[in-house]
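The values are calculated or read from the model by the stated rules, or taken from the named source; none is laboratory data. Keep in mind the model is a prediction, meaning the values are calculated, not measured. Here Cβ is always computed from backbone atoms with ideal geometry, including for glycine, and neighbour counts include all displayed protein chains. Surface areas here come from the heavy atoms of the whole protein model, side chains and all, with no ligands, DNA or RNA. Shrake-Rupley method; radii C 1.70, N 1.55, O 1.52, S 1.80 Å.
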Amino acid sequence: MKLAQRALLITLFFLFVLVSGAFAQYKSIAMGVKVSPNIGWLRTDAEDYSSEGAVPGISWGLITDFYFAENYAFSSGFNVTFHNGKISYPDIESFNIGVLNRQYRLKYIDIPMLIKMKTNDIGDFRFFGQIGLQPGVRIGSKAKDSFKSVAPPSTVKREWRTIDSQTNLFRVAMVVGAGIEYPIDNSTSLVGGINFVNGLSDVLKGDNEVDSTVEHLAVPNAFEITLGIIF
């Protein structure tokens, strides 16, 4: 079983245990909605592979905080995440060897599993930090290519097309973040924060066409800014 599948099973079990405990001992639950613009990139250390910079994306979803103490919560929900990035690597087109520059559009449903720790009121605000895992399921992947052959020199471009057969179904990331809550009445707060999403699993399948001993490797990372409202 692959690392991402194992991590998904472990985190889902962890979710069940914590949520069961929260319902058994505490009734305090906060729910809300959020939108999170992000800047994402694909990290790779495969031989002759290079990351080609950061690309903007976005996610949106539901926030659900299960409090197991006054200032501590298990934070979950779901995100629909659009993670984009670019890498380049050696490839073959029509028997010509060259370099493929590929841009990815990856779409996931992510299930955050975070521990959230809050301060007491500081003036009108409360600050928080959060850390945990975020398993996800791929629901779509597309690529846009620019291939430059060495001999004869030429460039072949392909527009966006679906590449689900070339990407892994599951992914896992670690999330570390901090933020601030501003109450606007007794039960509603505005939320803002920043997260670093550190990928733990490869999102690509298969081997390199030029050197079959090299596996495709790309791990998605991102910084995201979260804006939301909690009820």
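Carbon and sulfur together cover what percent of the accessible area of the chain at a 1.4 Å probe radius? Don't skip to the answer; put the middle values down first.
Values: 7490 of 11970 Å².
Taking all protein chains in place, the chain shows 63 percent carbon and sulfur surface.
Grab the chain and count how many Lys pairs have their alpha-carbon atoms under 12 Å apart, sequence gap of 8 or more, or different chains. Intermediate values should be presented prior to the final figure.
Details: LYS2/LYS205; LYS86/LYS142; LYS86/LYS144; LYS107/LYS142; LYS144/LYS157; LYS148/LYS157.
The number of close lysine pairs in the chain is 6.
Please give the net charge around ILE194, taking every other residue with its beta carbon less than 13 angstrom from that of ILE194, where Lys and Arg add +1 and Asp and Glu add -1.
Numbers: positive: LYS34; negative: GLU224.
Summing Lys/Arg as +1 and Asp/Glu as -1 gives 0.
Pop the C-beta distance of GLN166 and PHE196 into the FRET formula with R0 = 25 Å and round what comes out to the nearest 0.05.
On the way: r = 27 Å, r/R0 = 1.07.
Once rounded, the FRET efficiency stands at 0.40.
To the nearest 10 degrees, how steeply does helix 3-25 sit against the main Cα axis of the chain, on a 0 to 90 scale?
10
If you average the alpha carbon positions of segment 75-94 and of segment 159-229, how far apart do those two centres end up, in angstrom?
Cα centroid to Cα centroid, the span is 9 Å.
Express in % the proportion of alpha carbon pairs of the chain at distances exceeding 21 Å. Mind dumping the intermediate values first?
Details: 15640 of 26565 pairs.
Roughly 59 percent, rounded to a whole number.
How large is the accessible surface per residue of segment 117-231, computed with a 1.4 Å probe and reported in Å² as a whole number?
Values: 6010 Å² over 115 residues.
Per residue, segment 117-231 has 52 Å² of solvent-accessible surface.
Given Cα pairs under 8 Å that are at least 6 residues apart, what percent is the relative contact order of the chain?
Values: 632 pairs, mean separation 47.5, N = 231.
Rounded, it is 21 percent for the chain.
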